[in-house]
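Structure record follows, encoded as C-alpha cells.
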Amino acid sequence: MALSPIPSEHDYQRSSPSMDWSDQSPVASPDCFPANPSSTPLDLLDTWYPQYLRCTQYFLEQGQFSPAVLSLAAFLNIRLPCQRLRRYIRRLVVTGHDSPEVLQAFFGAGWAGGVGCVVQQERQTYLFTAKSSGWAATKAAYDLAPDEQTPFLRPLRAPAEAELRLAESRWKEEEEEADAEEPWLAAYIDLHAGRETQVVIYSSAEATASTTIDIDIDHPPRPRSHTNAPPSPETGADRLSLLHPRHPHPQTIRRQLLALFQHIHTRLLPAYTAHLAATATATATATAKDHQLAPPPPQAFLIGNLHTGLLALLFAVPPHHQNHAGAGLDVERQEWGKAYTSGSAAFVPGIKVHRYDRAPYVKYLFGREVVCSGAAAAPAGFRFHTREGRRGVQPEHFALVRSRTVIPRSDATLAMLPGAAVYVQQQQQHAGTVGAGEEDAEDPVAWAFLGPDGSLATLHVEAAYRGHGLAGRVAREAMRRGMVEDGRWWTGEDDTETSMLVHTNVAMGNGASRRVMEKLGGRVGWTVTWTVVEML
C-alpha cells in the first residue's frame, strides 16, 4: 500500500479553506476561569463541568472522526481515536493551532464554555515552559512517547495583553523563589573540647535571610563575683535575630540540622563517651571544684555561636502557624520572638534541648579600620608587658583568668590563643618593698584573647582598675596582635574592607561591655546562643 507524501504546512493551509489558519484572535480571556484552582468556587465548577462533558462527548462521537480533524491530527503527529482531550489541546497550543475555528472543529460550538479554561491553562503552562527552558527541553516536554513527538513548535498564538501580564506576574514569583538558592550547612566539631564549645554551625541562609525583631527581656541583676559584668538594668528593649519567617527553605535547613545532629550522635559520640568513661573520676573531681559552666551530659553536645534563627527553626510548630494563620508578617515575627524568649515552644520530636540562652548574646563585628589601627601605647601608669618584657597573659596567670569568668577554658586552650594583658607600672617602683620571692608575682589587671575562631574573648578588667579605659585598649591590642602580628586568620593577601573582620559575643544584658564594644567601633551583626542538644 502506497502512502501519499505528507503535505507541508504551506500546502495544508492552502488545501484547508474551512479552517482559517491565519486567525489571530485570542482564544479566551485570561479571566475566563480562575488561574489558581485552589480559589475556584464550587458553584463555578458545577456550572462548568456539564459544558466540559458536552465538549468531551462531541469530541468522542463526532470531532475526532471528521476529515478536517483527522487530517490535522496526522499533520501534528498525534493519533486518533482517543478518549482524552488534554493531550490534543496541548498539541494545538504548542503548534499555534488553537484558533477558535480549530477548537470548534475538535470540541463543538460550545468549546469556549467547556474547554476554554483548559486551553487557557495550557497556554499559561506553555509560556512558563518556553521561558524557563531552551527549545530542545521545551519540545521534549511536549513529546508523547513512544512515537508521537511534536513535529514543530511555534510562539504562542495571538497572546492577549492581559494574558501576558498574568504570565509575567506569575513568572516573577517563580523566579524569586528559584533565585533563593538552596542553603548549605557547614560545621566544625570537636567533642573533646568538653565544656568549651564542641560544635560550631554555619548556614548560608544566615547571610541572606537574617532579620531582627524587637523583644523585651528581663535582665536580672548579675553578681560581681566571677564576672566582669556590672549589675544591668532589669528590663530593656533588645533585638533578636531570626531567619525570615517566609524563607523559601526552612524545612531544608531543619533537615540539614537534624542530619548533622544524627551524624554526631551515631558516628562521633560513641568514641567520645568511651573516652569520658575512661576518665570519669578525674573529670568529675576537676569540675566539682570550680564555679564554671557544667559540661553537657555524656549523650549531648554543646553548640556555640549558633544563630538564634537556626535554633528557632527547631521549634516543633512555627509559632505563627499556631494561632495566627494568615496573620501579617509583623505578627509572625513577634510570635517567633515571644516563643524564643519565653522558652514556651516545644522542639521537634527526636531531640532534647537541655538549655539555650533565652536572653542571647549580641555579636559585634570589627572591621579593618579597628583591627589595623596600629600599635598604641598603654595608658599612663600601665604597660602591655611584665617587668621582664613578656607580653600577654603568662601561664602562671591562667588560673586567675578562669577565676574571673564562668566560661571554661583549659590551660592548653589559653596557651594557644593570642592576646594582650595590661600590667601596672607602679608595681616596679615598689619592688623593693616586697618580700623575698614576691617580685615575680606580678598579676595582670586587664586581659583579652582572640578565641580559636578569631573572636575577641575573655575580655576582663579587674574591679579596682575600671574607669581608666583599659577595656578598650587591651581589646584593640589583642585584635591587632592576633590578626596583624600573629596573622593566624589573615595571610595579608586580601586588602579589602571585609578581609580582616573580628567578632565578639556580649551577653544582651551586659550594658557596660556592650558600650565598650560600641566605643571600639563594633557594629551589631546578629544574635547567637549556646545550646546543649541531645538526640533521643
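Every read-out reported here was derived from the displayed coordinates using simple, explicitly stated rules and does not represent laboratory data. Keep in mind that this is a model prediction, so the values were computed, not measured. Positions of Cβ are generated from backbone atoms using ideal geometry, with glycine treated the same way; all protein chains shown enter the neighbour counts.
A compact table of results
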{"quantity": "Per-peptide average of other Cβ atoms within 10 Å, ordering 457-463, 261-267 highest first", "calculated": "457-463, 261-267"}
{"quantity": "Segments 479-485, 337-343 sorted - mean Cβ within 10 Å per residue, highest first", "calculated": "479-485, 337-343"}
{"quantity": "Packing rank of 351-364, 120-133, where each peptide gets the mean count of other beta carbons within 10 Å, highest leading", "calculated": "351-364, 120-133"}
{"quantity": "Pairwise FRET efficiency - Arg165 versus Arg86, Cβ, R0 = 25 Å, nearest 0.05", "calculated": "0.50"}
{"quantity": "Label point 7 Å beyond Cα of Gln57 along Cβ direction - residues of the range 112-133 with amide nitrogen under 18 Å", "calculated": "112-116"}
{"quantity": "5 angstrom amide H check on Met500, placed H, neighbours 5+ away", "calculated": "Arg368"}
{"quantity": "Least to most buried among His247, His192 (fewest other Cβ within 10 Å first)", "calculated": "His192, His247"}
{"quantity": "Reachable lysines, given that their alpha-carbon falls under 21 Å from the alpha-carbon of Lys338 and they are not under 8 places away in the same chain", "calculated": "Lys352, Lys363"}
